[in-house]
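The values are calculated or read from the model by the stated rules, or taken from the named source; none is laboratory data. Keep in mind the model is a prediction, meaning the values are calculated, not measured. Note that each Cβ is placed from the backbone with ideal geometry, even for glycine, and that neighbours are counted across all protein chains shown. The area values use the complete protein model at the heavy-atom level, side chains included, leaving out ligands, DNA and RNA. Shrake-Rupley method; radii C 1.70, N 1.55, O 1.52, S 1.80 Å.
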Amino acid sequence: GMLGASSSRKRLDLAFDLIEKLHEHEPRFKLHVKTALPQDEKWVWDDEEERDYFDRELARLETDPLRDLVTFDRFGPDVADWFRKIGFILSVSDDESFHLAPAEGMASGTVPVVRNWPGADSVYSSSWVLATIDEMAYRILSTSTNEANWERAQRAARSEAEDRFAMSGVVADWANLLGRWSTDTLQ
């Protein structure tokens with residue numbers, strides 16, 4: 001799955017490349033993209049380069065095998081329900097300040113696949129951060145074709161989300177950063 005793809009920086013093209021590569025080895029994989037459509041985002045649609053990017057990429061959906069592999073799910077607040085049908089959450093952006101989608105997915109037991117955008121390994125464990133589409137495909141295939149590997153990856157993702165993103169830890173980090181308030185004050 002891919003959560004949020006309404007800008008070219010989110011690299012929908014790489015997600016399409018990845019699902020095509022996965023399909024070569026395992027036809028059961030599908031890509032679900034939960035996003036606002038670019039024409040629904042005025043700032044995107046008014047930018048000619050963005051519009052050209054999406055025209056080109058969405059035209060790819062007219063071809064095999066993508067026609068049958070990609071589903072767009074309406075953007076909305078039902079993210080928790082959406083994650084129930086997602087096995088892997090992709091973060092293939094060029095850059096992010098902090099990509100929340102992998103963390104949300106990890107907390108739901110979804111396994112993250114994170115492209116090595118600048119700073120990705122400072123937010124997520126380097127075990128989830130991969131440099132190429134080939135590495136991502138290999139990780140997904142090797143994790144999903146063995147039930148023990150799949151369960152281990154789910155547990156590790158959920159555990160990392162609990163350890164790194166728990167409210168108590170985030171509050172403590174902010175308290176340390178700000179230095180003058182106690183965790184009681186910030187809570």
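Observations
- Accessible surface, the chain, averaged per residue in Å² (probe 1.4 Å): 55
- The charge dipole of the chain, taken about the Cα centre with unit charges on the Cβ atoms of Lys, Arg (+1) and Asp, Glu (-1), comes to about 640 debye, rounded to the nearest 20.
- Principal semi-axes in Å for the chain [√(5λ), Cα gyration tensor, largest first]: 30, 22, 14
- Whether the range 131-171 is rounded, prolate or oblate, judged on the alpha carbon gyration tensor where a/c under 1.5 counts as rounded: oblate
- Charged-residue dipole, Cβ positions (Lys, Arg, Asp, Glu), the range 1-76 about Cα centre, Debye nearest 20: 420
- The calculated 222 nm mean residue ellipticity attributable to helices in the chain amounts to -14500 deg cm²/dmol, summing -39500 (n - 2.57) over DSSP H runs of n ≥ 4 and dividing by all residues.
- Scattering curve values for the range 1-50, log₁₀ I(q)/I(0), Debye with Cα scatterers, q = 0.15, 0.16, 0.22, 0.26 Å⁻¹: -0.46, -0.51, -0.79, -0.95
- Note on the range 96-187: Cα convex hull, mean projected area over all directions, 6.4 nm².
- A DSSP coil position with no more than 16 other Cβ atoms inside 10 Å describes the following chymotrypsin sites (Phe, Trp or Tyr not before Pro) in the range 68-152: Phe98.
- Within the accessible area of the chain (1.4 Å probe), percent carbon and sulfur: 48
- Phi angles across the range 42-51 convert, under the Karplus curve 6.51 cos²θ - 1.76 cosθ + 1.60 with θ = phi - 60°, into 3J(HN,Hα) values of 3, 5, 7, 5, 6, 9, 4, 5, 4, 4 Hz, Gly and Pro given as x.
- Inter-centroid distance (Cα atoms) of the range 53-86 relative to the range 102-154, Å: 20
- Along the chain, longest interval not containing exposed trypsin sites (Lys or Arg not before Pro), exposed being DSSP loop plus at most 14 other Cβ atoms within 10 Å: 86-179
- Other-chain or far-sequence residues with amide H under 5 Å of Val33's (modelled H): Met2, Thr71, Phe72, Asp73
- Integer Hz, Karplus 6.51/-1.76/1.60 couplings in order for the range 20-26, x for Gly and Pro: 5, 5, 4, 4, 4, 9, 8
- Its Cα gyration tensor gives the range 19-90 an equivalent ellipsoid, and the semi-axes of that ellipsoid, as √(5λ) in whole Å with the largest first, are 23, 19, 8.
- Dipole of the chain computed with +1 at Lys/Arg Cβ and -1 at Asp/Glu Cβ about the Cα centre; of Tyr53, Ala157, Leu90, farthest Cα towards the positive end is Ala157.
- Shape metrics for the range 38-130, restricted to C-alpha atoms - Rg then Dmax, Å: 15.1, 38
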